[in-house]
Amino acid sequence: DLLRAGFGARLRLEAALPETPLPAVVDRTEALQVALNLGLNARDAIGAAAGTVRLALEPVTPAAAPEGLRVGAVAPGRAYARLVVEDDGPGLTPEAEAAAFEPFFTTKGDAGTGLGLAIVAGVAEAAGGAVALRRSKVGGARFEVWLPAGPRPAGLRAEGAPGAEAAAAEEEVDLAGRTVLVVEDLPEVSRVIADALERAGAETAVCEDPRDALEAVTD
């Protein structure tokens, strides 16, 4: 829903999601960052033309390492939750593909910071997963984020609906009187995070440059 809101009328989002939650070993907020970063990168890669971004989340048990593995490692025979984001844009040049996950590398000029894919790589590696990058069948880039599958979270019923305990725990979150500094280089992502924190009662300050954030908390 967040990605569709940021796409506008010229882009179509095709989402293939499982009917029940797919537990994975990853922080929920970081998982949201990964999906938004990849989705918005796909949007920007298509540019001003009309196009389609496909997002899929699926359980997989690989027999071998995936094609185009760039970050981390995938263990054959282990269960994973795989997030796939691909577009039908012009695709990456060989030079851009080689440097895609390097911090501060960007093809967007002054409009980009070059941290989005570095964050995706960091989240995947920290979770014990991996990232693969290759050309999609429709011509654009195909990113695959492999996250180790995890046990069913406590409070989640078998049919996938949140249990009463989990719902009550979320409703009881109260951040009234707290001030939270949100550090995120993508305005769309920082706005989502700030809105969620403010709904819980917190006052938020948003910062796009981590150097400014360090200065703010060390003064």
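The values are calculated or read from the model by the stated rules, or taken from the named source; none is laboratory data. Bear in mind the structure is a predicted one, so any value in this text is a computation, not a measurement. FYI the Cβ positions are ideal-geometry reconstructions off the backbone, even for glycines, and counts take in every protein chain you see. These accessible areas exclude ligands, DNA and RNA; they are computed on the full protein's heavy atoms, side chains included. Shrake-Rupley method; radii C 1.70, N 1.55, O 1.52, S 1.80 Å.
Scanning the stretch 89-130 for residues that are of a type in the set (Phe, Trp, Tyr) and either modelled with pLDDT of 75 or more or at negative phi (or both) yields a total of 2.
State whether one or more residues within the stretch 143-150 are modelled with pLDDT of 75 or more, assigned to a loop (DSSP other than H, G, I, E, B) and on the phi > 0 side of the Ramachandran plot. No. Determine if the stretch 69-79 includes at least one residue that is touching a Gly at 6+ places or on another chain (Cβ under 7 Å), charged (D, E, K, R) and under 14 Å from VAL145 (Cβ atoms). Taking every residue of the stretch 69-79 in turn, none turns out to be touching a Gly at 6+ places or on another chain (Cβ under 7 Å), charged (D, E, K, R) and under 14 Å from VAL145 (Cβ atoms). Each residue in the stretch 167-201 was checked for being open to solvent by 70 Å² or more (accessible area, probe 1.4 Å), modelled with pLDDT of 80 or more and part of a loop (DSSP other than H, G, I, E, B), and 3 of them qualify.
Under the condition of being buried (at least 20 other Cβ atoms within 10 Å of the Cβ) and aliphatic (A, V, I, L, M), which residue from the stretch 34-45 is farthest from the chain's Cα centre (by Cα)? Across the stretch 34-45, the extreme among qualifying residues is ALA45. ALA56 passes every criterion in (1) within 19 Å of ALA127 (Cβ to Cβ); (2) in contact with a Gly (Cβ under 7 Å, 6 or more places away or on another chain); (3) open to solvent by less than 30 Å² (accessible area, probe 1.4 Å) apart from (2). Just checking, does the stretch 79-88 include any residue being more than 22 Å from VAL192 (Cα to Cα), among the aliphatic types (A, V, I, L, M) and in a strand (DSSP E or B)? Yes: the stretch 79-88 contains one or more residues that are more than 22 Å from VAL192 (Cα to Cα), among the aliphatic types (A, V, I, L, M) and in a strand (DSSP E or B). Residues in the stretch 40-67 that are part of a loop (DSSP other than H, G, I, E, B) and on the phi < 0 side of the Ramachandran plot: ALA48, ALA49, ALA50, THR61, PRO62, ALA63, ALA64, ALA65, PRO66, GLU67.
Here ALA31, ALA5 are screened, and the one residue that is open to solvent by less than 40 Å² (accessible area, probe 1.4 Å), in a helix (DSSP H, G or I) and hydrophobic (A, V, I, L, M, F, W, C) is ALA31. Only one of the numbered conditions (1) at pLDDT 80 or above; (2) out of contact with any Leu (no Cβ under 7 Å at 6 or more places or on another chain); (3) of a type outside the set (A, V, I, L, M, F, W, C) is not met by GLY68, and that is (2).
Residues in the stretch 49-69 that are in contact with a helix residue (DSSP H, G or I) (Cβ under 8 Å, 6 or more places away or on another chain) and not β-branched (Val, Ile, Thr): LEU55 alone. Scan the stretch 1-14 and report the pairs whose first residue is without any contact (Cβ under 8 Å) to a residue 40 or more places away in the chain and under 14 Å from LEU36 (Cα atoms) and whose second residue is of a type outside the set (D, E, K, R) and surrounded by 10 or more Cβ atoms within 10 Å (Cβ to Cβ), with Cβ atoms within less than 9 Å and a gap of 6+ or a chain change. Partner pairs satisfying both residue conditions: ARG4/LEU11; ARG4/LEU13; ARG4/ALA15.
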